[in-house]
Amino acid sequence: MRTKVVIIGAGPAGLLLGRLLENQGIETVILERRSRDYVLGRIRAGVLEQGTVELLEQAGVSGRMQAEGLIHDGVELSFDGDAHRFDFRELVGRTVMVYGQTEVTRDLMLARDASGATTIYEAENVALHAFDGDKPRVTYLKDGTEHEISCDFIAGCDGYHGVSRASVPENALRTFERVYPFGWLGILVDRPPVADELIYAHHSRGFALCSMRSPTRSRYYVQVSTDEKVEDWSDDRFWDELRRRLNDETAGRLLTGPSIEKSIAPLRSFVAEPLRFGRLFLAGDAAHIVPPTGAKGLNLAASDVRYLAEALIEYYEERSSAGIDAYSARALTRVWKAERFSWWMTSILHTFPDTDAFGRRMQRTEFDYLVSSEAASRSLAENYTGLPF
Ligand code: APR
Ligand code: PHB
């Protein structure tokens, strides 16, 4: 088989890249290790920056999002019970859209089905070849038979554990990493959210987040230590812990119910540089991870893909390599800023096992400064709603 661009991974990064390229008549094949249902079963964050919303509109996959997504004008940060609302519209004239990543993925999958483009699910042993030359190839096993695709470019959109980054010679890659000494225990429940907007709460027992998927479905998280096991968390234990970390007024309004999903996710910051190796490009979680505080994961995948799609379209339409040559540096500039914001929000809102009294006062003072300074509030709003592309 032959195609122009082989995309590894049918997460939001791979599917969105496929969509943007197919819209310009650039043929792609997506190879995905898992089944379609498995991909759609993953629960992830649900806050879209305005730029991500605009990109989905431009890609022609925004119909359901526009109908069902919730526009949020602000968020609440609470510190040991003292709550403050940051009004994004007032501070920076921007908003965010609450719409689950799973739904974004589903919309992209349906659009790809309708376009007739090829997606191969349950592709095993995906291997990348000769991407340092001008005739890259990808091989994979499907139903026990080996297949080969030759292409012009390979896009590694296969997440943190994927094969693409792992195929790059070690000495060509520089990585930066911080692993946080805690995780997030998350619960999904069919009850209306406790508030109209998200609440990020610092508490001496640990961070908590009140989020949502719709007016009737809520998503809540509590910080837990890395050795906690999800089996040890009954729903009742979760709700008790969450209530203790919220202020009395919010805790009093919380509507609890049986969980429909419960899982623990570790927190990590990670960046690999560069994002291009000959004819292989990395995008999304394959190249970088942010801790979920600030919900930048999907948004960063979207901005990488936007730069990469522009670059590949320029290559095919204008026979110019300028865009693909600039891709890595362009994407990384924005990646690092989102890494900074996610790390910073994580640092002020969580309880760190090794922090001394001075460190705790610094966290509190960060909060007081944010609340009292319009400049600091605007900086939070600017980053949360998304830095420019
Ligand atoms: N071969 C083929 N596909 C693979 C392989 C492989 N060897 N390894 C992984 N994959 C697939 C995964 O099964 C997954 O469906 O690549 C896809 C990667 O998707 P995501 O992990 O969702 O990553 P990405 O598309 O970059 O989306 C970033 O997802 O993890 C969240 O917080 C993150 O919101 C961000 C978003
Ligand atoms: C979520 O709804 O899952 C969510 C929202 C905001 C975050 C992280 C996760 O910062």
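Miscellaneous remarks
- Residues located in segment 94-117, provided they are within 16 Å of ligand 2 (Cβ to nearest atom) and not in a helix (DSSP H, G or I): Thr95, Val96, Met97, Val98, Tyr99, Gly100
- No other residue among Lys142, Lys135 is more than 15 Å from Leu31 (Cα to Cα), surrounded by fewer than 20 Cβ atoms within 10 Å (Cβ to Cβ), of a type outside the set (Ser, Thr, Tyr) and out of contact with any Lys or Arg (no Cβ under 6 Å at 6 or more places or on another chain) apart from Lys135.
- In segment 151-161 there is at least one residue that is surrounded by fewer than 17 Cβ atoms within 10 Å (Cβ to Cβ) and away from ligand 2 (no atom under 16 Å from the Cβ).
- Residues of segment 244-278 that are crowded, with 20+ Cβ neighbours inside 10 Å and either in contact with a Cys (Cβ under 9 Å, 6 or more places away or on another chain) or among the aromatic types (Phe, Trp, Tyr) (or both): Leu246, Thr250, Phe277.
- Selected residue (criterion: nearest to Leu349 (Cα to Cα)) from residues of segment 37-64 that are hydrophobic (A, V, I, L, M, F, W, C) and more than 15 Å from ligand 2 (Cβ to nearest atom): Val53
- When Val168, Val126 are screened for being aliphatic (A, V, I, L, M), part of a loop (DSSP other than H, G, I, E, B) and under 27 Å from Glu32 (Cβ atoms), only Val168 passes.
- The condition (being among the hydroxyl-bearing types (Ser, Thr, Tyr), surrounded by 14 or more Cβ atoms within 10 Å (Cβ to Cβ) and closer than 18 Å to Leu380 by Cα) is satisfied by just one residue among Thr102, Thr95, Thr119: Thr95.
- Subset of segment 185-204 (residues that are more than 14 Å from Arg245 (Cα to Cα) and in a strand (DSSP E or B)): Gly186, Ile187, Leu188, Val189
- Pairs, first among the β-branched types (Val, Ile, Thr) in segment 300-319, second assigned to a helix (DSSP H, G or I) and more than 16 Å from ligand 1 (Cβ to nearest atom), C-beta under 9 Å, six or more apart: Ile313/Gly323
- Helices (runs of 4 or more DSSP H) (entirely within segment 1-93) containing at least 2 residues that are touching an Asp or Glu at 6+ places or on another chain (Cβ under 8 Å) and either within 15 Å of ligand 1 (Cβ to nearest atom) or at pLDDT 95 or above (or both): 12-23, 63-68, 88-92
- The set of residues in segment 228-248 being in a helix (DSSP H, G or I) and touching a strand residue (DSSP E or B) at 6+ places or on another chain (Cβ under 8 Å) consists of Val230, Asp235, Phe238, Glu241, Leu242, Arg245.
- In this structure, Arg165 does not satisfy being within 25 Å of the chain's Cα centre (by Cα), surrounded by fewer than 17 Cβ atoms within 10 Å (Cβ to Cβ), modelled with pLDDT of 95 or more and of a type in the set (Lys, Arg).
- Within segment 260-293, tally of residues that are among the small types (Gly, Ala, Ser) and within 11 Å of ligand 1 (Cβ to nearest atom): 5
The values are calculated or read from the model by the stated rules, or taken from the named source; none is laboratory data. Source: prediction; values computed, not measured. Because the Cβ atoms are built from the backbone with ideal geometry, glycine has one as well, and the counts that use them run over all protein chains shown.
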